[in-house]
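Inspection log for the structure reproduced underneath, given as C-alpha cells.
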Amino acid sequence: AMSPEKRAEEELMEEAMKPIESSRPASASSETGTRRDRRARILVIDDDPDTRRLLTNQLEELRFDVVTAASAETGLQSARDQRPDLITLDLIMPEMTGWEALREFKEAPDLQDIPVVVVSVVAGEQDRGSLFGAVDLLTKPVDHDELLRVLRRNLLEPRGRRVLVVEDDPGTQELFKSQLEGAGLQVTVAGNGEEAETALDGFTPDIILLDLVMPVMDGTAFLQRLRKDPARVEIPVIICTGKELSSAERKRLKAQAAEILAKGSDFEADLMAVLASFFPLDIRLPPSPPPQRGSGQGAPGES
C-alpha cells in the first residue's frame, strides 16, 4: 500500500500538471490562452544562488514550472510578467529587503492574491502578524515534507478565505489556528487590537474573529476604530468572548458585529456553523476510531 506521504506527493504532482485557469488578470505580455496550457508556476525570489538552485530542483521534481529572481526588485517585475501561482520569498536581501517586497506584494492590487511563502533562515523568529499576510513560513534549509505541506495548502486548497484572529491568549491562538487551517482557511493572528491594525495595513481579511478582553487595545476599541474606517467598514466581525455581557453591551456590539459567540463547551461547533454561512469550509476531521468489538455501541454520532 502507498504511504500517506507518497500519496500526498503524487497528488501534488498531479495538481501541478493540471491546466490552470486563474482568476488573476493576465499580464500585458502574456499571449491569449497560454495560461490554460501550462503547468502551475512558482516564482523563487532569493539572492543566494545555492538556495535558488536547491528550491528549483525540489520544485521541478514535483513538475512545477519554476521562475527565479536574484533580487526583490527583479522578483516584483517577474511576478507581474509571469503571473505565478505561488511565490517563495527570502527576507534578508541587499537593497530592497524581503520585508519591503512582501509589503508591495500584499498592497499591490494586481499581486495581492498571489500566495507568498517566506523562506528564510530567520523564518522561525517571525510572527505572522508582522509579515503583512504571508501565508506560510519555511526555515532554511527547507525540509522536503514541510515544503510539500505548504505547497498542498496553498495550491490545492481554495484561496480567498482569509481570517484575521485577534486574540491575546497563546493557547487559544493555537486552537484557532489548528481548527481554522484544518478547515482550509488562511489564518493571520494578532495579539491585540493594535497588532490587528498593523496586520490590516498589509492585507484585507474576509472575516475577523475578535476577542474583547485584551491588553494595549481591547476588542471594543478596535471594533469602533474599524467601523470608522471607510475601507474596512464592511469586513464581517465575529466576536468570540468569554466575558459575561450585559444586555446593553450585547446590543451595542451586535450593531457592529455579524455575530457574538460565547467561549464555552459548544463554541467550536458554533464557530464552524457561523463561518460556513460566509464561505464553504473544507473540514477534514480525523477519522473516528472503529467501534470496539463486542461493545454494542455504534460509531460516534449514531443514535
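The values are calculated or read from the model by the stated rules, or taken from the named source; none is laboratory data. Only a predicted model underlies this, so the values are computations on that prediction, with no experimental measurement involved. For neighbour counting, all protein chains shown are included, and Cβ atoms are generated from backbone atoms with ideal geometry for every residue, glycine included. In case anyone asks, the SASA skips ligands and DNA or RNA and just uses the protein heavy atoms, side chains included. Shrake-Rupley method; radii C 1.70, N 1.55, O 1.52, S 1.80 Å.
Of note:
- Single unsatisfied condition, D145 versus (1) open to solvent by 40 Å² or more (accessible area, probe 1.4 Å); (2) at pLDDT 90 or above: (2)
- Within region 148-175, considering residues that are open to solvent by less than 10 Å² (accessible area, probe 1.4 Å) and part of a helix (DSSP H, G or I), the one farthest from D218 (Cα to Cα): L151
- R161 vs. criteria in contact with a helix residue (DSSP H, G or I) (Cβ under 7 Å, 6 or more places away or on another chain) and at pLDDT below 85: no
Per-residue answers, yes or no, for (1) open to solvent by 40 Å² or more (accessible area, probe 1.4 Å); (2) outside any strand (DSSP E or B); (3) of a type outside the set (S, T, N, Q):
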site: V66; (1), (2), (3): no, no, yes
site: R80; (1), (2), (3): yes, yes, yes
site: P84; (1), (2), (3): no, yes, yes
site: M93; (1), (2), (3): no, yes, yes
site: M96; (1), (2), (3): yes, yes, yes
site: L102; (1), (2), (3): no, yes, yes
site: K106; (1), (2), (3): no, yes, yes
site: I114; (1), (2), (3): no, yes, yes
site: V118; (1), (2), (3): no, no, yes
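- The combined condition, being open to solvent by less than 20 Å² (accessible area, probe 1.4 Å), of a type outside the set (S, T, N, Q), part of a helix (DSSP H, G or I) and under 16 Å from L155 (Cα atoms), is not fulfilled by L55.
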